[in-house]
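Engineer: So that we are looking at the same thing, I have put the structure below in C-alpha cells.
The values are calculated or read from the model by the stated rules, or taken from the named source; none is laboratory data. Here the structure is a predicted model, which means the values were calculated and not measured. Neighbour counts run over all protein chains shown; Cβ positions are idealised from the backbone, glycine included. All accessible areas refer to the heavy atoms of the entire protein, side chains included, with ligands and DNA or RNA removed. Shrake-Rupley method; radii C 1.70, N 1.55, O 1.52, S 1.80 Å.
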Amino acid sequence: MSSNLPPEDEILDSSLRPKNWADYVGQEKIKENIKVIIDAAKQRGQSPDHLLLYGNSGLGKTTLAQLVALEMGKKIRITSGPAIERAGDLAAILTNLQEGDVLFLDEIHRMHKSIEEYIYPAMEDYKLNLILGKGPMARTMELKLPRFTLIGATTRPGLLSTPLRNRFGGTFQLNFYKPEDIEKIVERSARLLQIQIEPEAIKIIAKRSRFTPRVANRLLKRVRDFAQVKNHGIVTSEIAKLALDSLEVDHQGLEPGDIKILLALIEKFDGGPVGLQSLAAAALEEEDTILDLYEPYLMQMGFIERTPRGRVASKLAYEHLGIKYTKTNTFI
Ligand code: ADP
C-alpha cells in the first residue's frame, strides 16, 4: 500500500523495488503463474487478464504489478480505491490509459460502492457508461476505453463483493516470506544502498522483519543510520542489535504496538477469548489497524489465535512477555 506511506518510505520503496523477475525474491508459485499469464497474453497479442492480489501491506503487490507492466512493455498507472470518489474520477483515469496499460488499484476493498457498477463494464467490455445530467433529462453516454489490465490489491479480500471478485481472471495470495528470502532481500538492498554489512547482521535484521520485505528495508535503513553515527558506517551484528533494540523492535520482530495488543489481551481479558471490538477499545487502537497491521503477524508467530469466541493469547505470548501462564482452560 504505497499510497499511505510516509514520503521517506515511499522513496525507499521505489529505489529498492525490483525491476526484474530475478530480483523479485520468493513467492515462487505466484511468479510462475503470472509469468504464464503474461506469456500467453503476449502470444495472443492481447493484454493479460485482470488480476487480484491480496496479502498484507509491504509483501510486494505493487512491485508485482509493476513487473507485469514492465514485462508487457506497457505503462502502469497507480491509484487507490478511496481516491476514486466519483464516476468522473474513474472516467478520467480510464480514458487516459493507453492500449495495454496496467491500472493498479490499491485498497480496492475501500472503493466506493457506487463506483463498482461503472467498473464492471470497464473490466468486461472496455466501455464506460456515464450518466449525464439528472432526473428526466439524464442520458447515458458510452465511452469506449482502451484495453487495459486492472490489477487490484487488497489486504481484505473478504470485503470485496462477489461480482467484483468474480471479474478477475486470476487471484493470488501473497504470503509472509521465508526467513532466507528476507535475508536475500536485505542483502540486495544493502548492496544497492552501498551499506557495508556483516552476514550475521543480515540475519538479525531479517529475523526482526515480520517476514515482510518493506519492514526489512525500513529496518536496514534505520540500522544504517546507527552504524553511520556509531561505527563508521559498518553494520556489525552488535550494531544491528543495538539499533533494533533502541528502536524497540524485539528479537521476534514485535514492536510496541504488538506488545500493547498482547498486554491488553492478557491483562484486561485474562488472555481471552475476547471480541475484536472490546480488544480494540482496551488497547486504544482502531479495529482495522489490529486486523491489518498487528494481528496477521501475531497469528503467524503463534501469539494470538482466533477462535469462534474471540481472540485468545497463547502460552507463547505469556512466555514472550515474561508473564506467568496460569490458565487451565486452554482454548489453544
Ligand atoms: P505492497 O504493495 O504489497 O504494500 P510493495 O510492492 O510496495 O508492497 O513492496 C514494498 C517494498 O518491499 C518494495 O519497494 C520492494 O523494495 C520490497 N519488496 C517487496 N516484495 C519484494 C520481493 N519479492 N523481492 C524483493 N523486494 C521486495
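Engineer: Would you work out what percent of the accessible area of region 209-263, with all protein chains in place, is carbon or sulfur (probe 1.4 Å)?
Structural biologist: 55
Engineer: Cut-off 10 angstrom, C-alpha nodes, Gaussian network model of the chain. Which of Ile93, Ile84, Ile131 fluctuates the most?
Structural biologist: Ile131
Engineer: List the trypsin sites (Lys or Arg not before Pro) within region 111-167 that fall in a DSSP loop (any state other than H, G, I, E or B) and whose Cβ has at most 10 other Cβ atoms within 10 Å.
Structural biologist: Sites meeting the loop and neighbour criteria: Lys134.
Engineer: If we sort 28-41, 57-70 on the protection proxy, mean other Cβ atoms within 10 Å, highest first, what's the order?
Structural biologist: Ranking, from highest mean packing down: 57-70, 28-41.
Engineer: Amide H neighbours of Leu145 under 5 Å, counting only residues 5+ apart in sequence or on other chains, H built in-plane at 1.01 Å?
Structural biologist: Those qualifying (amide H under 5 Å, at least 5 residues apart or on another chain) are Lys127, Leu128.
Engineer: In a Gaussian network model over the chain where Cα atoms closer than 10 Å are linked, find which of Thr307, Thr212, Thr140 has the largest mean-square fluctuation.
Structural biologist: Thr140
Engineer: Could you tell me which of Gly272, Ile304, His50 has its Cα farthest along the dipole of the chain towards the positive end, charges placed at Cβ (Lys, Arg +1; Asp, Glu -1), taken about the Cα centre?
Structural biologist: Positive-end residue among those listed: His50.
Engineer: May I pose another question? Between Gln173 and residues 5 or more places away or on another chain, which pairs have amide H atoms under 5 Å apart, with H built 1.01 Å from N, and which residues are they?
Structural biologist: Residues meeting the criterion, in which the H sits 1.01 Å from N, are Tyr54.
Engineer: Pairs of Cα atoms under 8 Å, at least six residues apart: use those to get the relative contact order of region 10-105, whole percent.
Structural biologist: Across region 10-105, relative contact order equals 26 percent.
Engineer: Then there is this: Simple spin-label model, 7 Å along Cα-to-Cβ: Gln98 to Lys113 in nm?
Structural biologist: 3.9
Engineer: Between His109, His320, His50, which gets the highest mean-square fluctuation from a Gaussian network model of the chain, Cα cutoff 10 Å?
Structural biologist: His320
Engineer: Any idea what the dipole of the chain comes to, in debye rounded to 20, about its Cα centre with Lys/Arg Cβ at +1 and Asp/Glu Cβ at -1?
Structural biologist: The dipole of the chain has a size of about 540 debye.
Engineer: Which of the lysines could a cross-linker span from Lys144 if the Cα-Cα distance has to be under 24 Å and same-chain partners fewer than 8 positions apart are dropped?
Structural biologist: Lys42, Lys74, Lys75, Lys113, Lys127, Lys134
Engineer: Same structure, new question: For region 80-97 and region 256-274, write down the distance between their C-alpha centroids in whole Å.
Structural biologist: One Cα centre to the other: 41 Å.
Engineer: State the antiparallel share, in %, of DSSP beta bridges confined to the chain, rounding to the nearest 5.
Structural biologist: Given both bridge residues lie in the chain, the antiparallel proportion sits at roughly 35 percent.
Engineer: Round to the nearest 0.05 the FRET efficiency obtained for Leu321 and Val36 when R0 = 45 Å and r is the Cβ-Cβ distance.
Structural biologist: FRET efficiency, Leu321 to Val36: 0.45.
Engineer: Moving on. Take the alpha carbon atoms of region 18-65, find their center, do the same for region 120-165, and report the distance between the two centers in whole angstrom.
Structural biologist: After rounding, the separation between the Cα centres reads 23 Å.
Engineer: Under 27 Å Cα to Cα from Lys315, which lysines show up? Leave out anything in the same chain fewer than 8 places away.
Structural biologist: Correct list for Lys315: Lys178, Lys203, Lys207, Lys241, Lys260, Lys268, Lys324, Lys327.
Engineer: If you roll a 1.4 Å probe over region 37-151 with all protein chains in place, what percent of the accessible area is carbon or sulfur?
Structural biologist: Here carbon and sulfur together make up 48 percent of the probe-accessible area.
Engineer: Could you grab the relative contact order for region 165-276? Cα pairs under 8 Å, six or more apart, rounded to a whole percent.
Structural biologist: 23
Engineer: Taking amide H positions as placed 1.01 Å from N in the peptide plane, with prolines and chain starts having none, which residues 5 or more places from His50, or on another chain, fall under 5 Å of its amide H?
Structural biologist: The list, which skips near neighbours in sequence, is Leu150, Gly169.
Engineer: What is the distance, in nm, between label points placed 7 Å from the Cα along the Cα-to-Cβ direction at Asp292 and at Trp21?
Structural biologist: Distance between label points: 3.1 nm.
Engineer: Leaving out ligands and nucleic acids, note down the accessible area per residue over the chain with a 1.4 angstrom probe, in whole Å².
Structural biologist: Accessible area per residue: 50 Å².
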